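See structure below.
Where a number appears in this text, it was derived from the coordinates with a stated rule and is not lab data. If you're wondering where the values come from, they're calculated on a predicted model, not measured in any experiment. In this analysis, Cβ positions are derived from the backbone assuming ideal geometry, glycine residues included, and neighbour counts consider all displayed protein chains.
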Amino acid sequence: MKQFLIRVAVFLLPIAVLLYPLDVLLSKWYKMTHRYPGELEVWNAIYDGTAQCDMAVYGSSRAWVQIDPAILSDSLHCKVYNFGMDGQNFLMQYMRHSEFVKHNPFPKHIVLSVDVFSLAKKDGIYEVKQFLPYVLWNRNMASVTVHEHGFKWVDPFIPLVRYSGYGDVLRQIETNAREGESQEQYRTNGYRGMDRTWSNDYKKATEQQASLQLEIDPAIQLKLESLIRECKEAGGNLTFVYCPEHILGQQYVTNRAEIINTFRTIAQQNGIQFLDYSYLPICNDTSYFYNASHLNRAGSMLFSTELASDLKRVYK
Amino acid sequence: MLFNTIQFGLFLSLVFGLYWFVVNKNLQRQNILLLVASYIFYACWDWRFLFLLIFSTLLDFYTGLQMQNQTDERKRKMWFWISISVNLGFLGVFKYYDFFVTSFASWLAACGVEWDPWTLQLILPVGISFYTFHGLSYVIDIYNRKIEAERNFIEYAVFVSFFPLLVAGPIERATHLLPQIKRSRWFDAALAVNGLKQILWGLFKKVVIADACAHVANHAFAHAADADSLTLAFGAVMFAFQIYGDFSGYSDMALGTAKLFGIRLLKNFAFPYLSRDIAEFWRRWHISLSSWFRDYVYFPLGGSRLGKWLSVRNTFVIFLLSGFWHGANWTFVFWGFINACFFLPLLLRGRNRQNLEVVASDRIMPSFNEIVQIIATFAMVTLAWIFFRASSMTEAFIFIERMITSGTFMRPELFSWTLILLIGILMCIEYIGRKSEFGFDGLLAHLPRPLRYASYYAIVVLVFFYAGKEQQFIYFQF
């Protein structure tokens, strides 16, 4: 038995020794890519401290393609960073916030872009591979990414294991290592304006499903309440923003008014400013949108200017 | 809990540790541990069906004892038929009832009679076909006075439920496994190391070969109606390697795992794709099932002793039963039938036992003639696999029709040189190791230590690279 155990240990030793260094190396290379689109850049900025800011913008893609931190920064004379997460609800946004404040000072002001999907539960985890380089021994990230459609329970504990099976990730790393990764950033301070024109996304969505009824998940709402509490404790300000939404898209979710009202009530109960821009005149004009819920670059600049002027009144 | 998961790795390490370090001094405790571990393993699939497994075990244990103790032949026969009926009854209810009533309703509909049958729509308990056949062989052997009934329930229960073979075989015999369970077991380092190598080889076959081929095969069968000939032909070949990698990989992992506990299970595969004719293929593919049907169906029917035509009848019976054993679908029955048809010319010419030794057993390379025979046998087997894989007879015929008629010389969809290379490596290793218990073992015997270790690590890296997209083992559904 002793001989057997020694042979097994000798065989496993190089693997065990190499697991962590290989993990570090793979993660380092993978972080250098600008994928999901640009999400890895934001994660890197959070962990290396370059995302430190006075005003943090949270939200989904409605935040990162619509709120230009440069315009806000110029107007408010403070550093602004956009942490909007592509395709994610508030559960993930809150996890990103927690990671941010773990590695950076709490921002003075948080602008939270809320939308009809913010508090709705999602079936899977969108672009789970963006978390690969950061989830090892990260309990906070693991708590929302270990999932039937996400990571396995063992992934955050044992180095390298989570990369197993992600052949495309390994191939991407190999390509980057061979060809050298482009140094050009996809987002600037978390934002990227989209030079796109109105597409038929909305038509396609309604052809698939004429309308949608969304349910508020109490667990996600609790996370929102946690953020409010944290802001109070840290002495930071919080503003809810409902970004412009094309008039067509406003009819898609049947209980939209009820959801917005939930945000309004939470804001009122906690003394939070709620800025609703879904009734701006640009919401009737497709030339400012590339689909029913996302402004293009021109639209986002107009909206960001309007937002900056409104935030001037509340930003201390 | 699949064999190719970390959960199973942890489970196996825990049971191994307890088995050799905590209860190693006492055989009874070792067997109790194996039984508890086996029931936990089974409960991880679906704990509700654990009661069915325990009931089936108790039934065969009790009827076995009753047959042993009875001097009255009529009562012996009664206990025998009780056991057979209940065992087959379970299979009938869980696996075949819906198939029979819906087939009957279709037949009535064809005759102009409308009948909406009441179906059970039960989930098939994992491994039911395997553990039922364990029990049946035990009861039949007692009835035929080949063995004596086991009087220790724990030992009998371990024979039925030993976790490496519980969900997909090999289908063990009481004559082979029970004596090993009853015998004191001491740790054999060489056997354990060999077991680990076999597990590693099984992982390669399952994770690297089968799961990668599954991607291509699934695509071909999903697009049977609109894909071109070469895509479908390539898909069919990939399915042949998928099912081989999947099932023989599982069997290697099962045999390797059992070796860690000092137990040798029946060999289930012996390089079937190196077979030179279909009869040889069936002596090398799913050996434990083929030999089960041979011993408990073919021989009792008279085998080949009662003349050529009865021998043909018996051959068709076991092939059709073998097909039906796999699942309640006409595709499986037809798969059995088509294999019987392939077997028939050999049987009629008395050449079904001409290739008993592995190819080129006394040479390095096979002859040109043998290579042609191997390719022809593989083509026949692959054609039959189309019926095995298709979800209906219509789908299978459409697949074959389009494979023949939609000819283009375009590169098949999802064609991958990497996959071809991996299959090439598999077949080369299998060929080099064809005289050994499993291919990898044979290869290792030819390599110096540094290359041996390099091979292990190469497999670990490949398994790491391809793992993750865990696909169920095909045979778990049977």
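What to note about this one:
- Region A:112-172 - Debye-derived log10 I(q)/I(0), Cα point model, q = 0.22, 0.23, 0.27 Å⁻¹: -0.90, -0.96, -1.18
- Across region B:242-331 the C-alpha pair distances fall into 5 Å bins from zero in the proportions 3, 13, 17, 21, 20, 14, 8, 4, 1, 0 percent.
- In Hz, Karplus ³J(HN,Hα) per residue of region B:327-335 (6.51, -1.76, 1.60; θ = phi - 60°; x = Gly, Pro): x, 8, 7, 4, 4, 5, 4, 5, 4
- Taking the average, over residues, of other Cβ atoms within 10 Å as the packing measure, peptides A:60-73, A:14-27 rank A:60-73, A:14-27 from highest down.
- For the pair region B:419-455 and region B:139-193, the centres of their Cα atoms are 30 angstrom apart.
- All distinct Cα pairs of region B:6-120 go into the 1/r average, and the inverse of that average, the Kirkwood radius, is 18.2 Å.
- Taking 1.567 mPa s as the viscosity and 4 °C as the temperature, the Stokes-Einstein diffusion coefficient of region B:153-245 based on its alpha-carbon Kirkwood radius rounds to 79 µm²/s.
- Kirkwood radius, region B:28-96, all distinct C-alpha pairs, inverse of mean reciprocal distance: 13.7 Å.
- Convex hull volume of region A:200-289 per residue (C-alpha atoms, cubic angstrom): 112
- Taken over region A:1-145, the percentage of Cα pairs per 10 Å bin, counting from 0 up to the bin with the maximum distance, is 10, 35, 29, 12, 8, 4, 1, 0.
- Equivalent ellipsoid semi-axes, region B:337-478, via Cα gyration tensor eigenvalues times 5, rooted, Å: 31, 25, 16
- Alpha-carbon spread of region B:417-466, three principal axes, descending order, Å: 27, 21, 15
- Global dimensions of region B:326-400 from alpha-carbon coordinates: Rg and Dmax equal 15.3, 45 Å.
- For a straight C-alpha distance cut-off of 19 angstrom, the aspartates and glutamates reachable from A:Lys129 (same-chain residues fewer than eight places away being disregarded) are A:Asp23, A:Glu39, A:Glu41, A:Asp86, A:Glu99, A:Glu148, A:Asp155, A:Asp168, A:Glu174, A:Glu181, B:Glu470.
- Stokes-Einstein diffusion of region B:88-206 at 37 °C, 0.692 mPa s viscosity, Kirkwood radius from Cα pairs, rounded to a whole number: 185 µm²/s.
- Longest site-free stretch - chain A; sites: GluC sites (Glu not before Pro), DSSP loop, at most 10 other Cβ within 10 Å: A:1-147
- Between A:Gln221 and B:Leu447, the simple spin-label model (points 7 angstrom out along Cα→Cβ) gives 6.0 nm.
- The tail of the calculated P(r) for chain B beyond 31 Å holds 47 percent of all Cα-Cα pairs.
- Kirkwood hydrodynamic radius computed over chain A comes to 21.0 Å, based on all pairs of distinct alpha carbons.
- Paramagnetic label zone (point 7 Å from Cα along Cα-to-C-beta, B:Glu370; backbone N under 15 Å) in region B:255-282: B:271-277, B:280-281
- The peptide list B:208-219, B:128-139, put in order of mean Cβ contacts within 10 Å with the highest first, becomes B:128-139, B:208-219.
- Each listed q (0.21 Å⁻¹) maps to a log10 I(q)/I(0) for region B:19-67 from the Debye sum over equal C-alpha point scatterers, namely -0.81.
- Considering only A:Asn200, B:Phe299, A:Ile46, and ranking their Cα positions along the charge dipole of the protein assembly as shown that arises from unit charges at the beta-carbon of Lys, Arg, Asp and Glu, the one farthest toward the positive end is B:Phe299.
- At most 14 other Cβ within 10 Å, DSSP loop - trypsin sites (Lys or Arg not before Pro), region B:271-373: B:Arg305, B:Arg349, B:Arg351, B:Arg353, B:Arg363
- Residue-averaged 222 nm ellipticity for chain A, from DSSP H runs of 4+ at -39500 (n - 2.57), nearest 500: -15000 deg cm²/dmol
- Our coupling estimate for region A:141-146, obtained by passing each phi through the Karplus curve with A = 6.51, B = -1.76, C = 1.60 and θ = phi - 60°, is 6, 4, 4, 10, 10, 7 Hz, Gly and Pro reported as x.
- Virtual spin-label span in nm between B:Ser291 and B:Trp115, 7 Å along Cα→Cβ: 4.2
- Note on A:161-170: average number of Cβ atoms from other chains within 10 Å of each residue's Cβ is 4.
- Net charge, B:Thr377 excluded, C-beta distance under 9 Å - Lys, Arg +1, Asp, Glu -1: -1
- Between B:Ile432, B:Ile123, B:Phe241, the Cα set farthest toward the positive side of the dipole of chain B (charges on each charged residue's Cβ, about the Cα centre) is that of B:Ile432.
- Residue by residue along B:460-467, Cβ atoms of other protein chains within 10 Å of the local Cβ number 4 on average.
- Amide N proximity, region B:117-154 versus B:Phe55 label position 7 Å along Cα-to-Cβ, cut-off under 14 Å: B:123, B:125
- Computed helical MRE - 222 nm, chain B, DSSP H runs ≥ 4 contributing -39500 (n - 2.57), nearest 500: -21000 deg cm²/dmol
- Placing +1 on each Lys and Arg Cβ and -1 on each Asp and Glu Cβ, with no other charges, gives region A:176-264 a dipole about its Cα centre of roughly 160 debye.
- Pairs over the 24 Å Cα-Cα cut-off, from the set B:Lys146/B:Lys308; B:Lys77/B:Lys146; A:Lys121/B:Lys206; B:Lys205/B:Lys435: B:Lys146/B:Lys308; A:Lys121/B:Lys206.
- Distance histogram for region A:175-223 (every C-alpha pair counted, 10 angstrom bins, percent rounded to whole numbers): 16, 18, 28, 28, 11
- Most fluctuating residue given options A:Pro218, A:Pro37, A:Pro244, as computed from a GNM of chain A linking Cα atoms under 10 Å: A:Pro218
- Evaluated at q = 0.05, 0.07, 0.09 Å⁻¹, a Debye calculation over the C-alpha positions of the protein assembly as shown (equal weights, vacuum) places log10 I(q)/I(0) at -0.37, -0.69, -1.01.
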